1. Tell me, which residue of the range 88-139 that is among the acidic types (Asp, Glu) and part of a loop (DSSP other than H, G, I, E, B) is nearest to GLY332 (Cα to Cα)?
2. So GLY108 ticks every box in (1) modelled with pLDDT of 95 or more; (2) more than 20 Å from GLU400 (Cβ to Cβ); (3) in contact with a helix residue (DSSP H, G or I) (Cβ under 9 Å, 6 or more places away or on another chain); (4) of a type outside the set (A, V, I, L, M, F, W, C) but one. Which box is left unticked?
3. Given the criterion buried (at least 23 other Cβ atoms within 10 Å of the Cβ), modelled with pLDDT of 95 or more and not small (Gly, Ala, Ser), identify the matching residue among LEU331, LEU298, LEU288.
4. Kindly list the number of the only condition in (1) at pLDDT below 90; (2) out of contact with any Phe, Trp or Tyr (no Cβ under 8 Å at 6 or more places or on another chain); (3) crowded, with 20+ Cβ neighbours inside 10 Å that fails for GLY350.
5. Among the residues of the range 136-171, what is the count of those that are more than 20 Å from CYS252 (Cβ to Cβ) and either acidic (Asp, Glu) or modelled with pLDDT of 95 or more (or both)?
6. For the range 152-162, how many residues meet the condition of being buried (at least 18 other Cβ atoms within 10 Å of the Cβ) and out of contact with any helix residue (DSSP H, G or I) (no Cβ under 6 Å at 6 or more places or on another chain)?
7. When residues of the range 140-155 are filtered for being farther than 15 Å from THR185 by Cα, touching a strand residue (DSSP E or B) at 6+ places or on another chain (Cβ under 9 Å) and either touching a residue at least 40 places away in the same chain (Cβ under 8 Å) or not in a strand (DSSP E or B) (or both), how many remain?
8. Considering only the range 210-321, give the strands (runs of 3 or more DSSP E) lying wholly within it that have at least 1 residues that are under 17 Å from ARG190 (Cβ atoms) and free of Cβ contacts under 8 Å to residues at least 40 places away in the same chain.
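The values are calculated or read from the model by the stated rules, or taken from the named source; none is laboratory data. Remember, it's a predicted structure, so these values are computed and weren't measured experimentally. Glycine gets a Cβ as well: all are built from the backbone with ideal geometry, and neighbour counts include every protein chain shown.
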Amino acid sequence: MASKALMKPTLNFKHGTLKNNEAQVQSHSFGQVCFPGKNGVSSSRKSVVVSVVTTKTASPATVVAVPVKTGSMVLLSQKWREIQGLNNWESLVEPLHPLLRNEIIRYGEFVAACYKAFDLDSNSKRYLNCKYGKKNMLKEVGMDDSGYEVTKYIYATPDVNIPIQNDAAPGRWIGYVAVSSDEVTKQLGRRDMLVTFRGTVTNHEWVANFMSSLAPARLDPLHDRPDVKVESGFLSLYTSEEAETKFGLESCRQQLLSEVSRLINKYKGEELSITLAGHSMGSALALLLAYDISELGLNKADHHRKIPVTVFSFGGPRVGNLSFKQRCEQLGVKVLRIVNVNDPITKLPGVLFNENFRGLIGGSRYEFPWFACSCYVHVGVELVLDFFNVQNPSCVHDLETYINLLKWPQRLGIQKEGFDWMNKARDLLITAQSLNINLMPWKDVAINMVNMVQSQRT
């Protein structure tokens, strides 16, 4: 049963308050932005965007795409490098620059297309795969005028076993690769190669999410870098192959690197950008791919310049340790994390030991020697939203809610439709518990985090 809520909130900014003419709703904490510090850990925090708490229901708003005006596109062609994070989005997030806002929304809708095209009908022949062919996918989800062409579908196979299920973990459709058309390329100022990833849906993916141990990435065969570690479940999803059959799928990694390399070679000599966008678990895969491309040097256009690699992360979890973060920054990977402060997924893994953890010895802050290798740390610049709905707690992680708030800061349309990530996580964990199966040491943490969302601000 779809439930919808619409409120017109007060807008809070750093230097004042902009009130809507209609009914006001009390706002609470401001959003925040983090810029990378010189010590490798996020330091300064600044207030931006809007705080929203909805408690009543009203008439739903009609969701429409935000058109990018021609005048804005001309400016974008001149400013695209800054919008893609050349200077870590300084002076663009406070206040939020309209060009950056439009680009965040645009890439968010490309990610939302993954969910719209994903087949959740268990009776369908395309169950857990894309409903449509590559040529028609964007058209079928209402993005026919996006100006991008889908070039490849991406499948992922988590290397995990679930005792409560007899089936193996076959490769499932997890996203797609697309490239901008000639016309849109002129408007953008460069040829944009886009890779998008959906979030967690299948049970095997949920288990992969709960594998919170750190493992060396070791994606560069020439440089081991054992200190650079990432979450083992995300790494498994990224690198595992479907080996059950003779013609099993290549790993998600192999599929992506092959296609990205092909497109770079095809458009050699043009101004290029590589944009990776994902929601939830998809954000983790996007960051792993960005690191992989940069570590292998695939984005080196020539001896003098690199193709910019940018990640737009929506409600993404932590992916690796401090050494991973520092290496991403050394390689020039740019990450803009769009986060709801009430979203528990963005606090995982590393609920206790993370970038905010420090020891206090003798009244002074102390860095533990094991911090760089053993603690999870977020990567990039953080653009924080603050929204919550007491009647629909799962909205805190819903991609459409993220996008709608960015489209209309004056109003928040919350829709309870599609895949319910919260109930899916709970059902999987409770089923394992009822069968006395120790699914993962993190199951208690996961249950507590789900309960935490439901209890916030109530």
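1. Initial filter on the range 88-139 (among the acidic types (Asp, Glu)): 90, 94, 103, 109, 119, 121.
With the extra rule that they be part of a loop (DSSP other than H, G, I, E, B), the set shrinks to 90, 94, 119, 121.
Values: GLU90: 15, GLU94: 22, ASP119: 36, ASP121: 41 Å.
This residue is GLU90.
2. (2)
3. On the way: LEU331 fails: buried (at least 23 other Cβ atoms within 10 Å of the Cβ); LEU298 fails: buried (at least 23 other Cβ atoms within 10 Å of the Cβ).
Answer to the selection: LEU288.
4. Every condition holds for GLY350 apart from (2).
5. So in the range 136-171, the residues more than 20 Å from CYS252 (Cβ to Cβ) come out as 136, 138-149, 163-166.
This time we only want the ones that are either acidic (Asp, Glu) or modelled with pLDDT of 95 or more (or both), so: 136, 138-149.
Count: 13.
6. At the first step, the residues of the range 152-162 found to be buried (at least 18 other Cβ atoms within 10 Å of the Cβ) are 152-160, 162.
The next check asks that each one be out of contact with any helix residue (DSSP H, G or I) (no Cβ under 6 Å at 6 or more places or on another chain); those that pass are 153, 155, 157.
Summing the residues that are buried (at least 18 other Cβ atoms within 10 Å of the Cβ) and out of contact with any helix residue (DSSP H, G or I) (no Cβ under 6 Å at 6 or more places or on another chain) in the range 152-162 gives 3.
7. 4
8. 309-314
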